[in-house]
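Participant: I am attaching a structure below and will ask some questions about it afterwards.
The values are calculated or read from the model by the stated rules, or taken from the named source; none is laboratory data. Predicted, not measured: the structure shown is a model, and the values here were computed from it. No Cβ is skipped: glycine too gets one built from the backbone with ideal geometry, and neighbour counts run over all protein chains shown.
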Amino acid sequence: MLAIIDKFKQSSPEQEIELANRYVAGQRDVYRQVDNWINQVTRLSIWHFVEETEDTNSIVHLKLFSSLKAAKFRGESTFRTYVQRVARYTCIDQVRSQRVQRDADPEDLPAPIGSEAPDIIHERSVEYQIFQKIFRSIDPECQKLWRMVFSESLNYKEIGGKLGLPEGTVKRKVHECKKTAMEMKEKLI
C-alpha cells in the first residue's frame, strides 16, 4: 500500500519529512496510516478517558497538523515515532485535565435562569453545557476565582483579602481567566 511506510525499511530524514508533508497535504492513505498509529496509543487500556477516544484522536490530529505546519518535525526520528509521541503526550494531558475536572464540580455553581420559551430554554441549556466544559478545562486557580466571584458573590477587594493579593492583581487574574474562557468558547462554537 504505502511503500514509504514500511516499518522494516530504514528511511532517511528527508523521506520522513516528505511523509509528514503528505499528511499535511491531506493524502488519504497517509492520513489513514497516521490515524492507525494514533489509535495504537489512544486505545490502550491505561488511559481511562471519560471522553471518547475519537475526541482524543481529533485533538492529536489538530496538534500534529499545527506542529507540522510550524515545521517542528525535523526528521530526527521516524514520523511514526513523532506521531505516537504526540498522541502519548496528548493522552497524558487528557488524563490530567480529567483529574482537575473531578475536583471541580460545576454543579456547585448556580444554574442559568431559563424562560418559558422552548427555544430560550434550549439555548440556555447549550450555554450551560459550554460553560461546564470551559469550567472543567480552565486551570484550578481560575476555577477558585470564579467560585469566589459567582458562588460566594465576593468583590475583588474581598477576594484579595482571602488570597492575600492586591485588588488590582485579582482584577487582572479574573480578566485573564475571562480571556482564556472566551478563547475556549470560540473554539467550541
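Participant: Out of (1) within 30 Å of residue 94 (Cβ to Cβ); (2) surrounded by fewer than 14 Cβ atoms within 10 Å (Cβ to Cβ); (3) not charged (D, E, K, R), what's the single condition that is false for residue 137?
Facilitator: (2)
Participant: With the requirement that a residue be under 18 Å from residue 128 (Cα atoms) and of a type in the set (A, V, I, L, M, F, W, C), what does segment 141-189 give you?
Facilitator: The answer is 142, 146, 149, 150, 177, 181, 182, 184, 188, 189.
Participant: Of everything in segment 150-174, what is touching a Phe, Trp or Tyr at 6+ places or on another chain (Cβ under 9 Å) and buried (at least 16 other Cβ atoms within 10 Å of the Cβ)? Give them in sequence order.
Facilitator: Passing the criteria: 170, 174.
Participant: Something else: Going by the structure shown, is residue 179 surrounded by fewer than 15 Cβ atoms within 10 Å (Cβ to Cβ), among the basic types (Lys, Arg), within 20 Å of the chain's Cα centre (by Cα) and not assigned by TED's automatic domain parsing to the domain that holds residue 94? Steps first, answer last, please.
Facilitator: Working: surrounded by fewer than 15 Cβ atoms within 10 Å (Cβ to Cβ): yes; among the basic types (Lys, Arg): yes; within 20 Å of the chain's Cα centre (by Cα): yes; not assigned by TED's automatic domain parsing to the domain that holds residue 94: yes.
For residue 179, the condition - surrounded by fewer than 15 Cβ atoms within 10 Å (Cβ to Cβ), among the basic types (Lys, Arg), within 20 Å of the chain's Cα centre (by Cα) and not assigned by TED's automatic domain parsing to the domain that holds residue 94 - is met.
Participant: Condition first: in contact (Cβ under 8 Å) with a residue 40 or more places away in the chain and under 22 Å from residue 96 (Cα atoms). Now tell me which residues in segment 144-179 satisfy that. Reasoning before the result, please.
Facilitator: In the first step, residues of segment 144-179 are kept if they are in contact (Cβ under 8 Å) with a residue 40 or more places away in the chain; the result is 150-151.
Those that are in contact (Cβ under 8 Å) with a residue 40 or more places away in the chain and under 22 Å from residue 96 (Cα atoms): none in segment 144-179.
Participant: Shifting gears a bit: Can you name every residue in segment 180-189 that is in contact (Cβ under 8 Å) with a residue 40 or more places away in the chain and basic (Lys, Arg)?
Facilitator: Residues of segment 180-189 in contact (Cβ under 8 Å) with a residue 40 or more places away in the chain: 180-181, 184-185, 188-189.
Listed by number, the list holds a single entry, 185.
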